[in-house]
Structures are given as structure tokens and as C-alpha cells.
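The values are calculated or read from the model by the stated rules, or taken from the named source; none is laboratory data. Values in this document were obtained by computation on a predicted structure and should not be read as measured data. As a convention, Cβ positions derive from the backbone with ideal geometry for all residues, glycine included, and neighbour counts pool all protein chains shown.
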Amino acid sequence: MSVVERDEERGARARANGGAAEDHDRIAVENPATGETIAHVPDMGADEVAELVARARRAQPAWDALGFEGRARVMYEARAWLVENRDRMLRTIIEETGKTREDAIVGDWSFICDSLGFWAKRARRYLKDERVRSRSPFLLGKKLVVRHRPIGVVGVIGPWNFPLNLCFGDAIAALMAGNAVVLKPSEITPLSTLLMAEGMRAAGLPEGVMPVATGRGGTGAALVDGADMIMFTGSTATGKKIMARAAETLTPVSLELGGKDPMIVLRDADLERAANAAVSYAMANGGQVCTSVERVYVEEPVYDDFVARVVDKTRRLRQGAPGEPGAVEVGAVTFAPQADVVEDHVHDAVEKGARVLVGGERGAGPGRFFQPTVLTDVDHSMKAMTEETFGPTLPIMKVRDEEEAVRLANDSEYGLNSSVWTRDVERGEAIARRIEAGNTCVNDGLINFVAQEVPFGGVKSSGLGYRHSGGGIRKYTQPHTICVTRFAPKRELHFYPYSARTSRMLERGLALLYGRKRRR
Ligand code: NDP
């Protein structure tokens with residue numbers, strides 16, 4: 001039996017056993033758009049996780065020995081598998097998240113197809129040995145090489161909002177660097193990760209190189225104890241717990257955490273484009289995006305016009321259970337407690353004087369929905385403007401000028417994505433440089449994520465380290481410096497025994513070298 005059990009199979013097994021299947025060590029996976037339970041997966045304990053890590057550790061050397069070419073072949077095969085099996089993969093993602101087909105295509109499936117090819121092609125270049133010339137006089141004539149050695153077993157712990165992209169997606173670079181990876185998907189959305197593991201096996205990934213540890217937070221904690229490095233995407237609160245736990249074993253961590261991404265709309269912006277983007281980037285994936293537009297600051301002269309456009313566009317959004325392509329724009333709330341957070345932020349804002357111009361309520365069942373919501377008359381005393389809402393809400397605040405907008409944008413514990421909207425792109429870029437965030441777009445938002453050539457990460461409470469680019473794969477390696485001496489005297493000047501003559505010679509030589517005022 002596979003680790004994932006669809007509920008129709010489970011029902012058949014229960015009937016065959018003459019009773020109900022046991023549930024104590026299994027987690028039910030729900031379709032949030034319908035409320036139905038669709039599958040059960042094991043809740044793995046610490047022993048099982050330790051066994052998966054040990055298995056991955058045994059499989060890693062042979063995988064590393066395959067070299068870049070051999071590993072790239074598996075990645076290209078996996079991409080072909082994902083294209084052939086896209087309907088199955090999209091259905092799985094849609095069922096476990098309640099997101100629309102378009103959100104699954106853009107945010108998960110196509111990105112992973114691109115990513116498989118990206119790392120298959122680039123890994124060798126990013127990780128090639130570096131020949132270095134040292135400026136130290138003690139190393140004259142010696143060869144210095146830095147090679148990037150895989151770290152061993154990488155634990156990838158992912159969230160529920162992009163279950164394929166932000167779990168398996170981070171394994172690709174780690175695998176291409178020669179590591180084995182143990183994946184820990186969110187308990188809410190484990191099915192696409194399990195399906196991708198099946199795809200990787202079909203693509204030729206050797207047994208044991210990428211096992212999946214399904215389970216709850218405790219399963220993730222056990223992975224932190226066993227892995228050689230942790231790549232985590234999730235909330236800031238859990239990120240802090242992981243870092244504290246990893247400190248016990250001095251295990252390195254890379255953390256991609258929450259965001260409260262600001263959008264600044266200046267008086268000379270293309271308002272129609274800005275309004276379209278604000279609505280799309282606030283509501284995409286049901287607003288459950290770490291880089292979604294979470295708050296907007298609009299300069300006074302264009303505030304009313306911008307709000308009117310946003311309200312009109314938001315009113316026209318269709319929400320519901322995902323069906324045919326193009327059927328609805330906004331899907332379900334994937335994680336039940338998130339609906340409470342969204343509701344709390346809206347209620348808190350209203351109590352403190354905000355106005356709800358569109359939405360503001362939970363949507364009709366049987367699934368779990370929250371209406372696309374526009375809030376105005378908001379300020380920084382409200383949770384909707386300072387805490388991560390992670391739902392389909394768009395709070396808009398009027399500001400006097402650019403200075404106030406920048407000050408408020410930076411008045412946040414987070415610093416993930418951000419955007420500035422103006423027709424004067426030079427001014428936009430100058431403002432972008434003042435924003436305290438890992439990423440800023442001028443006249444667009446969040447699309448920078450798909451540029452895998454450049455780093456993507458957060459500052460302040462939004463994270464530590466980054467994904468994508470050369471650094472995004474080198475983090476899965478340890479630099480190993482090799483210093484080679486070929487032609488050399490039997491005794492270097494700094495070797496024992498010390499003598500007054502050589503010591504003086506050395507000292508004078510160094511004083512001569514460093515005594516010059518010229519830069520060297
Ligand atoms: P959580 O932090 O709740 O969970 C993330 C993962 O960590 C899950 O697999 C979870 O397991 C696991 N986990 C929970 N507790 C522990 C623990 N003590 N030790 C180890 N692992 C643990 O995040 P969400 O799933 O709610 O995801 C939403 C958050 O992710 C938002 O804050 C969002 O901003 C952020 N995010 C950040 C991104 C970025 O790139 N910066 C991108 C996307 C999302 P389980 O689910 O089983 O509890």
C-alpha cells in the first residue's frame with residue numbers, strides 16, 4: 001500500500017476488514033473547497049524520521065557520484081513526467097488546497113517545470129571549482145582551489161500555500177548539488193509532495209535519495225534533529241522554533257518566513273495598471289501568498305480614483321470551488337485557522353474605524369471561503385496593516401507624500417517583497433532602494449519570484465538566507481578549500497626551529513611590504 005491512501009481505497013479496506021480503518025496515527029487531508037476528507041497519510045514519529053534520514057544518508061554518496069550530468073538527466077526526465085502527468089498533479093494540488101486551476105498552474109506546476117530545467121542546467125556552473133590567487137606572501141606559488149561539497153542530508157520543511165513549489169521546489173537545487181533530501185510537507189497539503197516523489201522515482205531518482213516524512217509539527221522537529229541542514233518555508237513563529245532547535249546541533253538553517261508586503265502608489269502612476277495589479281496580487285491564491293500585496297499606500301491626489309477602480313474590480317471577482325479553467329478567480333481558504341486570522345484582522349480594523357467597501361465576511365459553504373475584501377480608513381493601529389493577514393484582503397491607506405509612504409512601508413517587522421508604482425522609473429528605483437525588504441518591484445509586484453537567476457529572500461522577521469541564484473544552491477554545500485604545494489623549499493621561513501636571522505629577515509620583509517602607502 002502506498003503511504004497515501006485515497007479515501008475510496010480506505011473505505012474499501014475498512015469494509016474488507018469488517019469495520020472502520022484506524023485513525024490514531026494517520027492524518028486526514030481535507031479538500032477545503034468542499035469540506036470533504038480526500039485522503040489519509042501517516043503521522044510519522046521521531047523514530048520513523050530518523051530511519052528516513054539514515055536511509056537518505058546511505059543513498060547520498062552514490063547520488064553525488066552520478067555527477068552533474070547524471071543528476072540533470074533525472075531532472076529533465078522529471079520535468080517530462082510533470083508535463084505528461086500535469087492533470088493528475090494539478091488535480092491533486094487543487095483538491096488539497098482549494099485553489100483555482102490558474103493558481104496551481106502559475107504558482108506551483110509551471111514554476112517547478114521551469115525550476116527543474118534551471119537547476120539541471122545551472123548547477124554545474126554555480127558549483128564549479130574556483131581557482132583563487134592569494135595575496136598573502138606566505139602562499140606564494142601555491143595552488144588554492146575551493147570546491148563546493150554537498151552538505152549531506154538536507155531537510156526541506158514546507159508550508160501549505162504552494163505545496164509543490166515551496167516543498168519539492170526547494171529540493172531541486174539541493175539534489176542537484178549532490179545532497180539527499182528528506183521532504184516534510186505541511187500536514188494540511190502532503191499529497192502533491194507524495195505524488196512528486198512518485199514522479200521522481202519514475203524519472204530514475206535512486207531509492208532513498210528523496211524520502212517524504214509526512215506528519216505534523218513534531219515530525220518537522222524530528223527532521224531538524226536529524227538533517228545536516230534545514231531549508232524552511234513557513235511562519236516566522238515556527239521559523240524561530242526551528243532555529244532554536246537547530247542551534248542544539250549547530251545545524252545550519254535557511255528560513256523563508258512571513259511578509260506584510262507594502263505597495264506604494266504615487267500620484268503619477270498608471271492607475272489602471274496599479275489597480276489591476278493590486279487586486280490580482282492581493283487576491284491571487286486566495287491571498288495566501290507570502291509576497292502578496294498586504295497593504296497599499298496611495299498619494300492623496302489619486303487616492304479616490306485608485307480606490308474606486310479597486311472596488312469596481314474586486315466586486316467583479318468570482319469566488320467558489322475551483323472547477324473548469326477560468327471558472328473563478330478566488331478559491332478557498334486552505335488552512336482552517338487562517339480564516340479566523342483573516343476575520344479577526346477585518347473585525348479589528350472595523351472596530352478601530354476602518355470601512356469595508358467590498359466583502360468583509362466569510363463566504364458561503366460547504367467549503368471554507370473568505371470574501372475578497374477591500375478596507376479603507378485604515379492605519380497602523382490595526383492588525384490588518386501590521387500583522388500578516390494571509391487572506392484575500394486589501395487595506396488601502398491615504399498618504400500625504402512619498403516620504404510618508406516610505407516611512408510607513410518600513411514601519412513593519414517584516415521585509416519580504418514590496419512595490420513602487422510611478423511613471424518616473426528613475427524615481428521609482430530611487431525609492432525602491434529606500435525600502436527595507438529583500439525584494440522591490442517598480443510597476444509590478446511579486447513577479448520577481450520567478451526570476452530564479454536572482455536571490456529571493458527576506459530581511460528582518462521575513463527570513464534568513466535566500467533561495468534562487470548561485471547563492472541559492474551554494475547554501476546546500478560546504479566550501480572545501482584545498483591548498484596545494486608543489487615546488488617548495490624543505491623549510492619555509494615560518495617553520496621550526498626559529499633563528500634570530502630568519503626571524504629578522506621575515507619581519508623586515510613584511511614591514512617593507514606593508515609599510516608602503518600605496519594600496520596593495
Ligand atoms: P507553519 O510555520 O505553520 O508551518 C510550516 C511547516 O513547518 C509545516 O510543514 C509545519 O508542519 C512545520 N512545522 C510546524 N511546527 C514545527 C516545528 N516545531 N518544527 C519543525 N517543523 C514544524 O507555516 P504555514 O504552513 O502556516 O505557512 C504559512 C506561512 O508561510 C506564512 O507565514 C507565509 O508568509 C509563509 N511563507 C513564506 C514564504 C517565503 O518564501 N518567505 C513563501 C510562502 C509562505 P504542519 O503543517 O504539519 O504543522
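Values for this structure:
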| read-out | value |
| --- | --- |
| Criterion violated by ARG216 - all others in (1) in contact (Cβ under 8 Å) with a residue 40 or more places away in the chain; (2) more than 7 Å from the ligand (Cβ to nearest atom) satisfied | (2) |
| Residue in the range 280-297 that is more than 10 Å from the ligand (Cβ to nearest atom) and of a type in the set (Lys, Arg) present | yes |
| Candidates LEU446, LEU506 - the one that is over 30 Å from TYR297 (Cβ atoms) and not polar (S, T, N, Q) | LEU506 |
| Conditions (1) within 18 Å of LEU166 (Cβ to Cβ); (2) out of contact with any Gly (no Cβ under 9 Å at 6 or more places or on another chain); (3) in contact (Cβ under 8 Å) with a residue 40 or more places away in the chain; (4) more than 7 Å from the ligand (Cβ to nearest atom); number of the one not met by ALA197 | (3) |
| Which numbered condition VAL425 fails, given (1) hydrophobic (A, V, I, L, M, F, W, C); (2) in contact with a Pro (Cβ under 9 Å, 6 or more places away or on another chain); (3) away from the ligand (no atom under 16 Å from the Cβ) | (2) |
| Only listed residue being at positive phi, of a type outside the set (A, V, I, L, M) and either touching an Asp or Glu at 6+ places or on another chain (Cβ under 9 Å) or assigned to a loop (DSSP other than H, G, I, E, B) (or both), chosen from GLY353, GLY323 | GLY353 |
| Filtered residues of the range 389-411 (kept if of a type outside the set (S, T, N, Q) and under 23 Å from GLU30 (Cβ atoms)) | PHE390, GLY391, PRO392 |
| Residues located in the range 374-401, provided they are surrounded by fewer than 24 Cβ atoms within 10 Å (Cβ to Cβ) and assigned to a helix (DSSP H, G or I) | LYS383, THR386 |
| Breaking point among (1) within 16 Å of the ligand (Cβ to nearest atom); (2) under 22 Å from LEU416 (Cβ atoms); (3) surrounded by fewer than 18 Cβ atoms within 10 Å (Cβ to Cβ), for ASP340 | (2) |
| The listed residue being free of Cβ contacts under 8 Å to residues at least 40 places away in the same chain and out of contact with any Cys (no Cβ under 7 Å at 6 or more places or on another chain), out of VAL356, VAL342 | VAL356 |
| Cβ pairs under 7 Å, 6+ apart, first in the range 226-245 and farther than 14 Å from LEU464 by Cβ, second assigned to a strand (DSSP E or B) and more than 8 Å from the ligand (Cβ to nearest atom) | ALA227/VAL153; ALA227/VAL154; ALA227/GLY155; ALA227/VAL182; ASP228/VAL153; ASP228/VAL154 |
| Count of residues meeting criterion [surrounded by fewer than 18 Cβ atoms within 10 Å (Cβ to Cβ), within 7 Å of the ligand (Cβ to nearest atom) and among the hydrophobic types (A, V, I, L, M, F, W, C)] in the range 219-249 | 1 |
| Residue within the range 325-332 that is of a type in the set (Gly, Ala, Ser), over 29 Å from GLY234 (Cα atoms) and without any contact (Cβ under 8 Å) to a residue 12 or more places away in the chain present | no |
| Cβ-Cβ under 7 Å pairs, at least 6 apart or on other chains, the range 388-401 side hydroxyl-bearing (Ser, Thr, Tyr), far side more than 16 Å from the ligand (Cβ to nearest atom) and part of a strand (DSSP E or B) | THR393/THR373; THR393/LEU375 |
| Residue in the range 357-368 that is aliphatic (A, V, I, L, M) and closer than 28 Å to VAL265 by Cα present | yes |
| Wholly within the range 422-520, helices (runs of 4 or more DSSP H) carrying at least 2 residues that are under 30 Å from ALA120 (Cβ atoms) | 469-474 |
| Residue match in the range 402-414 (condition: surrounded by 14 or more Cβ atoms within 10 Å (Cβ to Cβ) and either in a strand (DSSP E or B) or under 13 Å from the mean Cα position of the chain (by Cα) (or both)) | yes |
| Every pair of residues 6+ apart whose Cβ atoms lie under 6 Å, when the first sits in the range 488-499 and is under 20 Å from SER136 (Cβ atoms) while the second is surrounded by 10 or more Cβ atoms within 10 Å (Cβ to Cβ) and not aromatic (Phe, Trp, Tyr) | LEU493/THR502; LEU493/LEU506 |
| Odd one out for VAL132, checked against (1) β-branched (Val, Ile, Thr); (2) surrounded by 15 or more Cβ atoms within 10 Å (Cβ to Cβ); (3) under 23 Å from VAL484 (Cα atoms) | (2) |
| Condition met for ASN417 (crowded, with 17+ Cβ neighbours inside 10 Å, within 14 Å of the ligand (Cβ to nearest atom) and in a helix (DSSP H, G or I)) | no |
| Meets criteria (closer than 23 Å to ARG309 by Cα and among the small types (Gly, Ala, Ser)) for GLY415 | no |
| Test: PRO366 is part of a strand (DSSP E or B) and at negative phi | no |
| Checking SER136 against (1) within 16 Å of the ligand (Cβ to nearest atom); (2) free of Cβ contacts under 8 Å to residues at least 12 places away in the same chain, the condition it does not meet | (1) |
| Members of the range 468-487 found to be surrounded by 10 or more Cβ atoms within 10 Å (Cβ to Cβ) and either over 30 Å from PHE138 (Cβ atoms) or at pLDDT below 95 (or both), listed by number | HIS468, SER469, GLY472, ILE473, LYS475, TYR476 |
| Out of GLY465, GLY515, sole residue that is surrounded by fewer than 21 Cβ atoms within 10 Å (Cβ to Cβ) and over 30 Å from MET263 (Cβ atoms) | GLY515 |
